[in-house]
Amino acid sequence: MKLTTDRERGASLLSVLVIVMLMSVAAVAATDALARSVLIAKSSGARAETFWTARGAASAAASYLTKIVKVSEGVLNSESDLFTQPITLPAGNGMVMLQTKEASNCFNLNAISGGAGESEGDDASLQAYEDFLVSVGMDKAEAQSLAEKLADWVDADFSTRTYGAEDGYYASQAEPYRAANAGLRSVSELKAIAGYDAEVRARLDNLVCLRPSREQSVLNINTLTLEQAPLLVALFSTELSVDDAKTLIDSRPTGGWSGVEAFLQQDTINRIAPDARNETALSIASSYLTADIDIGTGDLVTTYRALYRRAESGDVSLVSMVRRDF
Ligand SMILES: [Ca+2]
């Protein structure tokens, strides 16, 4: 009888041990899951904090830029403090560093007609784009072909221009797709357009942009860099050579030209026929600015790039903000 009782006790003890072991495993798993969700909550909290800090910094930068450019009516040159000195602002638990850069000097691809009901295209903007493509080194036939392919990609209709490409072309690719038939959403979209191979895109790199307005960008002659010489060439119907444009930019007086008139007096410009000039697209003021916003959280630095537009009123407003990945 005693033996049976001992056996029963032994069996009960074993059961208890098994239960305790299972509960320990469950407790460890629960603790692990809790620790993980705390970690996830913490990191998503940090991400949200970084994002809101960036938004706050971008708004603070808009007020700061408005204050600076209102005084000078947007007149800025490459030596301006705004472009050479970073600005540090306190934000949240840390600091935010802003570096403002000129963003007026680029060819606005949104000037190429793409809106609904404008399927005929805007000949002037397309011609300006062809001139720009010639100024970056394309021959005329290549420039016309690339311009028409972009125009077909963004225009609302499905009819193919002489050298263009519509659904018929894109549907015949190894991985078929369709033309967007809408304005570009990103410069990287060029990759999907017929003819815009890596070499072509490399030539356009840093010279083309997308701006909310359909107007062509007005260049600030006092912030143009040597690499941006083709933009100047395009404004003079390619009557100005790239080398002359570079020499001109290189000879710019310290602090910049006093005005567009002084620039137009330069020999290489002065001899160009008036109807080959697009003087209205030149200025000594900046219409777009970008700010790189570095936000430090712990060991991690997150960089955002904000685009700002200066209105006629002098107010500077945020157009867009994207996180930059390096
Ligand atoms: Ca189309």
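Consider segment 287-308. How many of its residues are closer than 20 Å to LYS67 by Cβ and over 13 Å from the mean Cα position of the chain (by Cα)? Qualifying residue count for the region: 2. Inside segment 295-326, residues that are crowded, with 17+ Cβ neighbours inside 10 Å, over 20 Å from SER63 (Cα atoms) and aromatic (Phe, Trp, Tyr) make up a count of 0.
Selection of helices (runs of 4 or more DSSP H) fully inside segment 146-236 by the criterion of at least 1 residues being farther than 30 Å from GLY256 by Cβ returns 167-171, 198-204. Among the residues of segment 157-202, just one is touching a Ser or Thr at 6+ places or on another chain (Cβ under 6 Å), within 15 Å of LEU126 (Cβ to Cβ) and within 12 Å of the ligand (Cβ to nearest atom), namely ASP157.
Taken as a whole, the structure leaves THR31 outside the set of residues that are of a type in the set (Ser, Thr, Tyr) and either touching a strand residue (DSSP E or B) at 6+ places or on another chain (Cβ under 6 Å) or modelled with pLDDT under 80 (or both). Determine whether GLU279 is closer than 27 Å to LYS70 by Cα, out of contact with any Lys or Arg (no Cβ under 7 Å at 6 or more places or on another chain) and surrounded by fewer than 15 Cβ atoms within 10 Å (Cβ to Cβ). Against the criterion (closer than 27 Å to LYS70 by Cα, out of contact with any Lys or Arg (no Cβ under 7 Å at 6 or more places or on another chain) and surrounded by fewer than 15 Cβ atoms within 10 Å (Cβ to Cβ)), GLU279 qualifies. Every condition in (1) without any contact (Cβ under 8 Å) to a residue 40 or more places away in the chain; (2) surrounded by fewer than 14 Cβ atoms within 10 Å (Cβ to Cβ) is met by GLU73 except one, and the failing one is (1).
From (1) modelled with pLDDT under 90; (2) part of a loop (DSSP other than H, G, I, E, B), pick out the condition that doesn't hold for SER104. Against the list (1) modelled with pLDDT under 90; (2) part of a loop (DSSP other than H, G, I, E, B), SER104 comes up short only on (1).
Considering ASP131, ASP139, ASP152, the condition of being within 16 Å of the ligand (Cβ to nearest atom) and among the charged types (D, E, K, R) is satisfied by ASP152 alone.
The values are calculated or read from the model by the stated rules, or taken from the named source; none is laboratory data. On a predicted model such as this, the values are computed, not experimentally measured, just so you know. Glycine also receives a Cβ, built like all others from the backbone with ideal geometry; neighbour counts cover every protein chain displayed.
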